[in-house]
Amino acid sequence: MFDKLEDVTYTSFGIVPQEFYKNKFNSVPSHDYLSDPVNRFLLGASRIRHLCRELQGGRVLDLGCGCGPYGLTLKQHGYADHLTGIDLDPDCTKRAGECYDEVVTQQALDQLPFPDGSFDAVFSSDFFGHVEFRYKDALIAEVARVLRPGGRTIHLIESGNYDYLHCNQDDPDDPLRKYVYVDGHIGVESPVAIKRRFEPYFEQIHLRNAMLFPFFTVQGFINNTDVFGEEFSALLRKFSPAEAQAADIVSGFICDYLERELYQENPANLDPTLERNLPRVLKYECGMVFLSGLKKTEQEFHA
């Protein structure tokens, strides 16, 4: 049990980050996703499509870069002219260095080892949910510091309403403790809390669900048998890899189409922090949000 969120740390769960994350996210090789037409529609490739829509070239920093799975895509298609990655796992940064212009290995990321205004954009994917609550605000302030005036911040962030305060971190059967021990999600919070953290330093913040419910990959449906039922999951398990990919392409196309229509009607339709006049099923929080924003001026920081 915890008194406040700042007390929720890796140490309190008996986790040593350097050991826990060693080679944990070093399995996906960097390749040019957009060279394969399938990834222009595949549901599971929606995050790289989002990054490519938001990034506009220049000097780009990848926070928690892992082994750099998106580096080659961003470099090959001009979405990053100079790409820097930073991560705590030296094996990952070594691999990312094969396609990144610069990589940095650093254990604590609440202070970034770069001069003020070094980058045109800072992005991350599946990173902020691994940052302890006590470091989040300092890290976001650092992101703003290393961005040039008007620079962009772009993130895919894990989201949800997890009751860390009442987690029994010493009980191996505690559901939230088990969740933390899967991938190290020590700091997942609600979309409202995420947006509030970025607001002191960024303007024109856009936040939206990363995927409409009930769109999942075939494997995602199987993993959520408790939601969709065993009969449906059993049917999907019989799909060949080609059949599963075909289903994911169709799902991705339909999901992208619906998102565009909903956004054109009203951008608030896709913002999980706002009250939306949508059917209940479309208000479902999918567990991931896309966030983007522009750095405020120094005067606005202190207004």
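Since every read-out is calculated from the coordinates, none of them should be taken as a lab result. Keep in mind that this is a model prediction, so the values were computed, not measured. Please note: Cβ atoms are built from the backbone with ideal geometry, for glycine as well, and neighbour counts cover all protein chains shown.
What FRET efficiency, computed as 1/(1 + (r/R0)^6) with R0 = 51 Å and r the Cβ-Cβ distance, is obtained for V28 and H166, rounded to the nearest 0.05?
The calculated FRET efficiency here is 0.90.
For the chain, which longest stretch is free of loop sites, where a loop site is one of the GluC sites (Glu not before Pro) that DSSP puts outside H, G, I, E and B and that has at most 16 other Cβ atoms within 10 Å?
Values: sites that count: E98, E275, E285.
It works out to 99-274.
Could you list D91, D120 so that the one with the fewest beta carbons within 10 Å of its beta carbon is first and the one with the most is last? Spell out each step's value before the answer.
Numbers: D91 16, D120 20.
Least to most surrounded, the residues fall as D91, D120.
Ranking of F290, F20, F128 by neighbouring Cβ atoms within 10 Å, starting from the fewest: F20, F290, F128.
Taking the Cβ of each residue in M211, M288, M1 as the centre, tally the other Cβ atoms inside 10 Å and list the residues starting with the fewest.
Working: M211 25, M288 19, M1 10.
Final ranking by Cβ density, sparse to dense: M1, M288, M211.
Overall dimensions of region 45-184, expressed as equivalent-ellipsoid semi-axes from the Cα gyration tensor (√(5λ), whole Å, largest first), are 28, 16, 15. For T11 and A193, the FRET efficiency from 1/(1 + (r/R0)^6), where r spans their Cβ atoms and R0 equals 22 Å, is about 0.45.
I need the shape label for the chain. Rule: rounded when a/c is under 1.5, else prolate if a/b > b/c, else oblate, with a, b, c from the alpha carbon gyration tensor. Taking the square roots of the gyration eigenvalues as a ≥ b ≥ c, the chain is rounded. Of the Cα atoms belonging to region 1-126, the radius of gyration and Dmax stand at 15.9, 50 Å. Convex hull volume per residue, computed on the Cα atoms of region 176-257, equals 144 Å³.
By how many nm would the segment from K4 to V38 grow when fully extended, if each residue of separation counts as 0.36 nm and the alpha-carbon distance is taken off? Before the final figure, lay out the partial values.
On the way: separation 34, 0.36 × 34 = 12.24 nm, distance 4.54 nm.
Length gained between K4 and V38: 7.7 nm.
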